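Here, each number is a calculation from the coordinates, and none is a lab measurement. Being a predicted model, the structure only gives us computed values, none of them experimental. Every residue, glycine as well, gets a Cβ built from its backbone with ideal geometry; the counts of neighbours run over all protein chains shown.
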Amino acid sequence: LAETEDEKRRVRDELDRTSGKLDQLIRENAVTALDQNAYNIRYDEINNMYNDLKTRLDTLEAEIQDKLFWAAESEDFITDLMQLPPVITDFDPLLYHRLVDRITVFNRDKVVVRFRNAMEIEEIVWDY
């Protein structure tokens, strides 16, 4: 998470600098007679850099939110596990709902259990 936040800061700084370059170019065009073809090429270049950086920043922000979500989910999952008795002998629908995200049956022999913290366990079921 720290690395992603560091990259987000770097991208945000570069985005700010690029925005400043774009503003400066627009002001320069407003007060100086510039070749408009050259101006448009330069504007498009800086604007494309800005858009690429903005897209990267949005992606990083989404990654950070996802990591924070899964950290909270994992903490809740561990808290739920710590509250369990050492041995579970009966099916508890509430416990199942708190711990299991889904169970996928691929065929007669293969089942995958996905827990709420995204951990998966694959089981091979033998037909005797």
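One table, with the values for the structure above:
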{"read-out": "Partner aspartates and glutamates for residue 21 [C-alpha distance under 18 Å; skip if fewer than 8 residues away on the same chain]", "value": "13, 35, 44, 45, 52"}
{"read-out": "Per-residue [θ]222 nm for the chain (sum of -39500 (n - 2.57) over DSSP H runs n ≥ 4, rounded to 500)", "value": "-23500 deg cm²/dmol"}
{"read-out": "Reported label for calculated percent of Cα pairs over 18 Å apart given (i) 72; (ii) 56; (iii) 52", "value": "(i)"}
{"read-out": "Vicinal HN-Hα couplings computed from phi for the range 55-60 (Karplus, 6.51 cos²θ - 1.76 cosθ + 1.60; Hz; Gly/Pro x)", "value": "4, 5, 4, 4, 5, 5"}
{"read-out": "Karplus 3J(HN,Hα) series, Hz, for the range 24-40 with 6.51 cos²θ - 1.76 cosθ + 1.60 (x for Gly, Pro)", "value": "4, 5, 5, 4, 4, 5, 6, 10, 10, 6, 10, 5, 5, 5, 5, 4, 4"}
{"read-out": "Three-way shape label, the range 70-109, alpha-carbon gyration tensor, a/c 1.5", "value": "oblate"}
{"read-out": "Table column - 3J(HN,Hα) (Hz), the range 83-92, Karplus curve with 6.51, -1.76, 1.60, x for Gly and Pro", "value": "8, 6, x, x, 10, 9, 10, 10, 5, 10"}
{"read-out": "Total charge dipole magnitude, the chain, about the Cα centre, Cβ charges on Lys, Arg, Asp, Glu only, Debye to nearest 20", "value": "320"}
{"read-out": "Nonlocal amide H pairs with residue 101, under 5 Å, H built at 1.01 Å", "value": "114, 115, 116"}
{"read-out": "Positive-end residue of 89, 4, 112, charge dipole of the chain with Cβ unit charges", "value": "4"}
{"read-out": "Cross-link reach list, aspartates and glutamates versus residue 67, counting only Cα pairs under 16 Å and skipping chain neighbours closer than eight places", "value": "3, 5, 6, 7, 58, 75, 76"}
